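The values are calculated or read from the model by the stated rules, or taken from the named source; none is laboratory data. Just so it is clear, the model here is predicted, and its values are computed rather than measured. A quick note on method: Cβ atoms are made from the backbone with ideal geometry, for glycine too, and the neighbour counts reach across all protein chains shown.
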Amino acid sequence: MLRKIRIALALLFFVLITLLFLDFTGTLHAWFGWMAKIQFLPAVLALNIGVVLFLVVLTLLFGRIYCSVICPLGVLQDLVSWFSGRRRKHRNRFVYSPARTWLRWTVFVLFVVAMVAGLGSLGALIAPYSAYGRMVQSLLAPLYAWGNNLLAWVAERADSYAFYSVDVWMKSLSTLGIAVVTFVVIFLLAWRNGRTWCNTICPVGTLLGVLSRFSLLKPRFDTSKCNGCKLCARNCKASCIDPAAHKIDYSRCVACMDCLENCRQGAISYTWRREAPAAKSPAPKGEPENRPKGKSGVKPVDTAVSAAGDPVSRASAEEAPADASRRRFLGVVGLFVGTALQAQEKKVDGGLALIEEKRIPQRTTPLVPPGARGLREFLTHCTACQLCVAVCPNQVLRPSGGLMRLMKPEMSYERGYCRPECTKCAEVCPANAIHLADLAEKSSIQIGHAVWIPENCVVKTDGVACGNCARHCPVGAIHLVPVDPNDRKSLCIPSVDEARCIGCGACENLCPSRPFSAIVVEGHEHHKTL
Amino acid sequence: MEKKKIDRREFLKTLGLGAAATTAALYGCSPKGAATASAPAGEVPTDRMTYRTSSATGDRVSLLGYGCMRWPLLDSPASDGNPIDQQTVNELVDYALAHGVNYFDTAPVYLQGFSERSTGIALKRHPRESYFIATKMSNFSNFSRENSLAMYRQSFKELQVDYIDYYLLHSLGGKGLESFNQRFIDNGVLEFLQREREAGRIRNLGWSFHGSTELFDHLMAMHDSGEARWDFVQIQMNYVDWRHASGRNVNAEYLYGELEKRNIPAIIMEPLLGGRLSRLNDFLVGRLKERRPTQSTASWAFRFAGTYPGVLTVLSGMTYMEHLQDNIRTYSPLEELTPEELELLEDTAQVMLKFPTIPCTECQYCMPCPYGLNIPAIFAHYNKCVNEGNVPKDSQDPNYRKARRAFLIGYDRSVPRLRQASHCIGCNQCVSHCPQSIKIPQQLHRIDRYVEQLKQDKL
């Protein structure tokens, strides 16, 4: 029964947390955003003392049920391990192995040192929630988005607005690569040995393992009932039951309750008493057919994660028509090529101009979202879980490729800009690395400022009137001034009021100059409130 | 089922072709068509087209003329850059000719410059005397004599003909009298074309008009004084433009009246206002359907244009077979509007003017926008939302949420983000190309501001 409750809760958490990374509409976050916020490392980095205390107390009471229920990476490993155990001759495949204490603590110390030294990206490689978020965002989210786009395609033809299409694009090659490696490593470890990763590498597992030794409720042996069949150890994915000695390594036990159900003698019970209660149902509960199945209670769950591995395609449907018309009609923007006529010159009707893709400009200081308070503060809090990247509806956030900021999000404006009505990233951030009180606060935070680059500006290069940057500036920080100060009627060029600019990137994104915009936002080390 | 097959075979025999015909038409045309077998939309007659006779040459022209500006397009252009779906064009042309349509109107600039070629290919498959062909002198950007004459001669090659039935000075009025003189008088092109008419290579000489009253009067005076002879004039006429012309267009009532006085045949363009008169709002559609439940909204606009006896032919850019069939039905034969029906259409026009749609006819003259925008698609989406009531005026509107979603999601569906109004820089290069005198950048900026309000939920 306890095991079934554990499985039900674990699946609930697992599915919902996964959906948090997939649901780009942000609807789910309103209801289940807390599930990300009770993850251990984000809570620590957010200095969320309440949650940390809760998890500590939870572990002191019940053992590491955090690892069995709340941690999505743990549940993922259980799923992989369960499938592995479904194979023939792999039913009772685990054996007891002594704890690799030195390895656990070396990794833990290194992890803490890295975090304190500001090498959060290094820590994020092994932090469980970060690793899971990275895998879902990089590998599963594109599939989800394509599935959604298929529905949107159908909806469009059915004249329904129930679904809308989203762009799927390669956000960061390095993060994708790391996600693939993470997935392969986690999958292999879980497939072969269950919870190896949790009990040797995972820093959260190591830390909670200390606490769970002293937990009130634990699975405990009743040596008088044990017949030494070792079924418990052979079904312990944590490999923490030493059946010969009747001992359980509680620092590694994740309180999955598998042993309770596998013991046909009822020799193991989850209790706070040192000795198993003699009064408690002595009758052997194991019906014969219950044995070989091992974990028959687990419902088969489709691990869509395993279907990942497809590289995210950069191509979006939007570019296709441009490609098509590119063929012959318009070689270059603004250059009209007529038909193959002799001396004839004409502007023909119709067709679409080619739109060159924007490219990322050089920024001396990277841009991080309003609410991050500054680059350093942001990097110390961020766990690189990719949740903000997954929900950013404007395609602004993407994992960074820089060494010190690896996988932590940064902003760029080639595909969209930080829209004034949106605070999605701050709403979802479980580590409080991005924190906004409200929408008003966002529009008053300066994360950078725009810089005009004259040699790219169409007013200079094409000699046309423009002013698209000024027209779209949400804070009116761009003023149009005549190119020739002595001629009030000459074309106007933008001038940026650095004191008012908030760095949202509307100007940069909507600048007609391609591939490089003529107005570019430069990040600030420390954000300030205007 | 067996019966249907027999019907089809018989029909094909009588028609002699029919690769083009759709099943709907097949059932409809079968002589044995029992009530159950007839097409839901009614039959498409082959021999009842209304014809008008030209006062200039005695040409017997079908009241429905085929506008070749909106041929169906391929998903991606062919290797020579031709975007037109030639196979479907052939089918449409065959069907049109088989049902009595004999006037085809094209121009060198239509469809990225490929319309003449496609139209020529399709028509070449039929006897030259079975159709009239109209094309134009589109010397907008370079009006030197050499360039203009080269354009004229190229039309013969593209259309594969040795004479042109109707030749038009394309879109007079855009920039007034001065531009007319530059394009056709100063360089002697009009003189040249009149001589070509004498030589028989042009059978009718006329012009299409998008301009001001002054220019129109000037051109009429030229005709009166004998300085030029206009065999026909092509004007924009529909029940909205009749008395409520927008932009620099002149009320069709005046234009038609002047032509009728001089017995100059009028050829009608934009009878549907670029399709806008086939997409009315629910209230207006309902009123028309009440009177004629089985007839399309578009049929009213065609009947309007056809009701005036001085009209030689009414051009329609029919992209789809169903449009062609519907229009053929409307004019086979024409049922003239009653005075009461005319009044209803005038009222329809007045109600329409209260809805702030943008008078874009999707003619594509403004395209390609050098900054990549899809201008007609943006306007089409906006107009569609206006007609469907999805342009909320206030966030307190009862259907605000639904309308907002429909507007924004529909916007992304109809126009890729990079081609939306937010990218209009206001360079104004499009403005001079618009025959409806829409202030395109202002309208785009207005739509963009509205989209921003919707997105920010600050309506």
Fill in the blank from the handout: The one condition A:Ala477 fails out of (1) under 22 Å from B:Gln456 (Cβ atoms); (2) among the hydrophobic types (A, V, I, L, M, F, W, C); (3) within 13 Å of chain B (Cβ to nearest Cβ) is (3)
Exercise for the section: Those residues that are within 14 Å of another protein chain (Cβ to nearest Cβ) and aliphatic (A, V, I, L, M), I need them from the stretch B:334-373; list them, please. Expected result: B:Met367, B:Leu373
Practice task
Kindly list the number of the only condition in (1) in a loop (DSSP other than H, G, I, E, B); (2) in contact (Cβ under 8 Å) with a residue 12 or more places away in the chain; (3) over 20 Å from A:Val168 (Cβ atoms) that fails for A:Gln395.
Solution key: (3)
Completion exercise
Within the stretch B:257-267, of all residues that are touching a helix residue (DSSP H, G or I) at 6+ places or on another chain (Cβ under 8 Å) and in contact (Cβ under 8 Å) with a residue 60 or more places away in the chain, the one farthest from B:Phe104 (Cα to Cα) is B:Ile264
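Could you check how many residues of the stretch B:309-320 are away from chain A (no Cβ under 14 Å) and surrounded by fewer than 20 Cβ atoms within 10 Å (Cβ to Cβ)?
3
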Practice task
Read through the list (1) over 17 Å from A:Cys504 (Cα atoms); (2) part of a loop (DSSP other than H, G, I, E, B); (3) aliphatic (A, V, I, L, M), then give the number of the only condition that A:Ala390 fails.
Solution key: (2)
Handout entry: Scan of the stretch B:421-437 for residues that are facing chain A (nearest Cβ under 10 Å) and in contact (Cβ under 8 Å) with a residue 40 or more places away in the chain, ordered by number
Key = B:His423, B:Cys424, B:Ile425, B:Cys427, B:Gln429, B:His433
Practice task
Within the stretch A:473-492, track down each residue that is surrounded by fewer than 20 Cβ atoms within 10 Å (Cβ to Cβ), closer than 27 Å to A:Ser444 by Cβ and touching a residue at least 24 places away in the same chain (Cβ under 8 Å).
Solution key: A:Pro474, A:Val475, A:Gly476
Exercise for the section: Please determine, by comparing only the residues of the stretch B:131-146 that are surrounded by 19 or more Cβ atoms within 10 Å (Cβ to Cβ) and of a type in the set (S, T, N, Q), which one is farthest from the other protein chains (Cβ to nearest Cβ). Expected result: B:Thr135
Exercise for the section: Kindly indicate whether any position in the stretch B:281-292 is closer than 21 Å to B:Val101 by Cα, out of contact with any Asp or Glu (no Cβ under 6 Å at 6 or more places or on another chain) and not polar (S, T, N, Q). Expected result: no
Handout entry: Members of the stretch A:420-449 that are within 14 Å of another protein chain (Cβ to nearest Cβ), aliphatic (A, V, I, L, M) and under 12 Å from A:Leu530 (Cα atoms)
Key = A:Ala440
Practice task
Tell me, yes or no, whether the stretch B:388-401 has at least one residue that is in a helix (DSSP H, G or I) and either more than 8 Å from chain A (Cβ to nearest Cβ) or of a type in the set (Gly, Ala, Ser) (or both).
Solution key: yes
Exercise for the section: Could you list all residues from the stretch A:105-149 that are outside any helix (DSSP H, G or I) and on the phi < 0 side of the Ramachandran plot? Expected result: A:Ala117, A:Leu119, A:Ala127
Problem - Qualifying position, being in a loop (DSSP other than H, G, I, E, B), facing chain B (nearest Cβ under 10 Å), surrounded by fewer than 19 Cβ atoms within 10 Å (Cβ to Cβ) and modelled with pLDDT of 80 or more, among A:Glu345, A:Glu356 - result: A:Glu356
Exercise for the section: Name the residue, out of A:Phe21, A:Phe32, A:Phe14, that is part of a helix (DSSP H, G or I), modelled with pLDDT of 95 or more and under 24 Å from the mean Cα position of the chain (by Cα). Expected result: A:Phe14
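Results for (1) within 14 Å of another protein chain (Cβ to nearest Cβ); (2) of a type in the set (A, V, I, L, M, F, W, C), shown as yes or no for each residue.
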{"residue": "B:Gln154", "(1), (2)": "yes, no"}
{"residue": "B:Ile185", "(1), (2)": "no, yes"}
{"residue": "B:Leu193", "(1), (2)": "no, yes"}
{"residue": "B:Glu196", "(1), (2)": "no, no"}
{"residue": "B:Asp217", "(1), (2)": "no, no"}
{"residue": "B:Trp230", "(1), (2)": "no, yes"}
Practice task
Filter the stretch A:39-54 down to residues that are in contact (Cβ under 8 Å) with a residue 60 or more places away in the chain and hydrophobic (A, V, I, L, M, F, W, C), then give me how many there are.
Solution key: 6
Fill in the blank from the handout: Taking first residues from the stretch A:514-530 that are within 16 Å of A:Ile355 (Cα to Cα) and second residues anywhere that are in a strand (DSSP E or B) and of a type in the set (D, E, K, R), the pairs with Cβ under 9 Å that are 6 or more apart or on different chains are none
Problem - Enumeration of residues in the stretch A:56-87 that are free of Cβ contacts under 8 Å to residues at least 40 places away in the same chain and either touching an Asp or Glu at 6+ places or on another chain (Cβ under 9 Å) or hydrophobic (A, V, I, L, M, F, W, C) (or both) - result: A:Val57, A:Leu58
